[in-house]
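For reference, the structure is listed below as structure tokens.
The values are calculated or read from the model by the stated rules, or taken from the named source; none is laboratory data. Here the structure is a predicted model, which is why all the values come from computation and not from measurement. Note: ideal-geometry Cβ built from the backbone for every residue, glycine included; neighbour counts use all protein chains shown. Please note that ligands, DNA and RNA were not included when accessible areas were found on the heavy atoms of the full protein model with its side chains. Shrake-Rupley method; radii C 1.70, N 1.55, O 1.52, S 1.80 Å.
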Amino acid sequence: MGAIIILASYVIGRIKPTVGMFLNMIFFGLFIDLFMWLKWVPIGETVIVRGVLFAAGLLIYTFGTGMYISPRLGAGPRDSFMLALHERMGWGIGKVRIGIECTVTLFGFLLGGPVSVGTLVTALAIGPLIKQFIPLWERMMAKPYGKEAVTNLAE
């Protein structure tokens, strides 16, 4: 499925496939499985703690997505497709991502996967949050680094 989405990103937005796209496609799920197996992801005992962990995870995920998309050095299949639709069709990133996530959620449900409140909140929140974090990271990365940054600080 990831390869099909990468192809669609190329056809729609001329986003050329990169090694990073394929590595993202292969390793993203594997690392989540590994972290869960190693019990590195905390699981709350109460509904309140689980809600806080869920919200924190959603923010960390979207913050990181904005960070790795902003330099435009390549993105995973879903993120590349989001960017392709945004650039080609002129649709807002938030709305495009909501459409992608709701479509994926629907297909997951039809294939027998679990869908609950958290799944729906995630599908509706990822897009608007990424939309906020991409410009933040673009501004942060536009600042000079190295000797030039030291010179500017001295002024």
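Quick notes
- Residue-normalised accessible area of the chain, given per residue in Å² at a 1.4 Å probe: 69
- Annotated for the chain: lysine pairs at least 8 residues apart or interchain, Cα distance under 30 Å, count 6.
- GluC sites (Glu not before Pro) within the range 25-134, DSSP loop, no more than 10 other Cβ atoms inside 10 Å: Glu45
- Computed in the context of the full set of protein chains, the accessible area of the range 66-149 at 1.4 Å probe radius has 68% of its extent on carbon or sulfur.
- Fluctuation leader among Leu110, Leu136, Leu59 - the chain, Gaussian network, Cα springs under 10 angstrom: Leu110
- Phi to ³J(HN,Hα) by Karplus 6.51 cos²θ - 1.76 cosθ + 1.60 over the range 59-76, Hz, x for Gly, Pro: 5, 4, 4, 6, 4, x, 5, x, 5, 7, 7, 3, x, 6, 9, x, 9, x
- Long-range amide H partners of Ile15 with built H, under 5 Å: Tyr10
- Sites listed here are chymotrypsin sites (Phe, Trp or Tyr not before Pro) in the range 18-55 whose DSSP assignment is loop and whose Cβ has at most 13 other Cβ atoms within 10 Å: Trp40.
- In a DSSP loop and with at most 14 other Cβ atoms within 10 Å, the trypsin sites (Lys or Arg not before Pro) in the range 1-91 are Arg14, Lys39, Arg72.
- With DNA, RNA and ligands ignored, accessible area of Val121 (1.4 Å probe; Å², nearest 10): 60
- For Rg/Rh (Cα atoms, Kirkwood Rh), the value computed from the atomic coordinates appears in the list (i) 1.02; (ii) 0.99; (iii) 1.13 under label (i).
- Residue by residue, the range 78-83 carries 3J(HN,Hα) couplings of 5, 5, 5, 5, 4, 5 Hz when phi is fed to the Karplus relation 6.51 cos²θ - 1.76 cosθ + 1.60 (θ = phi - 60°); x denotes Gly or Pro.
- Remark: accessible surface ordering of Phe133, Phe63, Phe109 (largest first) is Phe109, Phe63, Phe133, probe radius 1.4 Å.
- Working note: Karplus 6.51/-1.76/1.60 with θ = phi - 60° gives the range 25-38 the couplings 4, 7, 8, 4, x, 4, 5, 4, 4, 4, 5, 5, 5, 7 Hz, where Gly and Pro are set to x.
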